[in-house]
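Take a look at the structure below.
Any read-out appearing in this document is the output of simple, stated calculations on the displayed coordinates, not a laboratory observation. Remember, it's a predicted structure, so these values are computed and weren't measured experimentally. Using ideal geometry, Cβ is built from the backbone for each residue, glycine included, and neighbour counts are taken over all protein chains shown.
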Amino acid sequence: MTTSLSMTPPIYASAVSGPAELTEAQRRFLSGNGFVLVPSVLGADSVDSLSRVFNDLVRSMWDAWSPDSQWEEAGVVSVRLDVADPRFEELVGHPLLLSAAESVIGRDCDVNDLRLRAPIPGYGHQGLHPDYTPEQGTCGPWQVLAGMWCISEFTQDNGPLRVVPGSHRSSRDPIDDMEWVGMGPHPHEVKLLGPAGSLILFDSARLWHSGTFNYGPDPRLAVTTYLGRADSHGSGPSDG
């Protein structure tokens, strides 16, 4: 491919690591709405280091693209990462992530998956959906907690995650409420915006959510850590 990708340095709001656990108000918001955004959890050094790793990975996959390449989503670099890789230790073991998982799933939970999703400019939109599986209903304890790390700043235009607050308690299908079936927009959707290093926690199994179009000049980098009950295989699709 002849077109080159630009890679703008990340914009973040904090030079040091953020909180180690959710506040009581954040816990209530997470439970009631199915998501919460915690800004600037990762410090600047961590964001810089991870941004270099993932920008290099995205660039190498982009450079290797050919018309015969089979991508999971057109225009989206999606990679399953090794949870044991020491470079990603903070993404799978941050105390805020683990304490949040304990509060909604219970003490007996593990990291099930770790995935990079990076829509390149002009791509990335998905239809709203829950990652529902038959054993997961709209009531009862959470089966999965997804922690989406914003390696890039999430802006209005660069393909942020969108969610429908409270939809993790709905038995309806998202298409029932959408003007254009499958893709939206939904009248109650919210785009989640924050500086690089922020963490979005959400009930990926039940909350209606999706990625959006990246209209920015760079690939939008996000890595999602999936946690579930230790006796389950969890849920780890490429979202957001």
**Report entry** Peptides ranked, highest mean first, by Cβ atoms within 10 Å: ranges 52-65, 26-39, 144-157
**Finding:** 144-157, 26-39, 52-65
Query raised in the report: In the stretch 71-151, which GluC sites (Glu not before Pro) fall in coil by DSSP and have 15 or fewer other Cβ atoms within 10 Å?
Result: Glu72, Glu135
Query raised in the report: When the Karplus curve 6.51 cos²θ - 1.76 cosθ + 1.60 is applied with θ = phi - 60°, which whole-Hz ³J(HN,Hα) does each residue of the stretch 210-225 get, with x for Gly and Pro?
Result: 5, x, 10, 4, 8, 9, x, x, 10, x, 9, 9, 8, 10, 10, 9
**Report entry** Sites Phe213 and Asp48, calculated FRET efficiency, Cβ-Cβ separation with R0 35 Å, nearest 0.05
**Finding:** 0.85
Query - Extended-chain gain in nm, criterion 0.36 nm per residue less alpha-carbon gap, Ala20 and Asp110 - result: 30.6 nm
Report summary line: Interchain or sequence-distant (5+) residues whose placed amide H lies within less than 5 Å of the amide H of Ile151 are Gly197, Ala222, Val223
Report task. Rounded to the nearest 0.05, what FRET efficiency do Asp231 and Ala64 give with R0 = 35 Å and r taken as the Cβ-Cβ distance? Could you check? Result -> 0.35
**Report entry** Residue-by-residue Karplus 3J(HN,Hα) for the stretch 45-57, coefficients 6.51, -1.76, 1.60, Hz, glycine and proline x
**Finding:** 4, 5, 4, 4, 5, 5, 4, 5, 4, 7, 5, 5, 5
Report summary line: Of 105-115, 214-224, 198-208, ordering from highest average Cβ density within 10 Å down gives 198-208, 214-224, 105-115
Query raised in the report: Full extension from Val190 to Glu89: what is 0.36 nm times the residue separation minus their Cα-Cα distance, to one decimal in nm?
Result: 33.4 nm
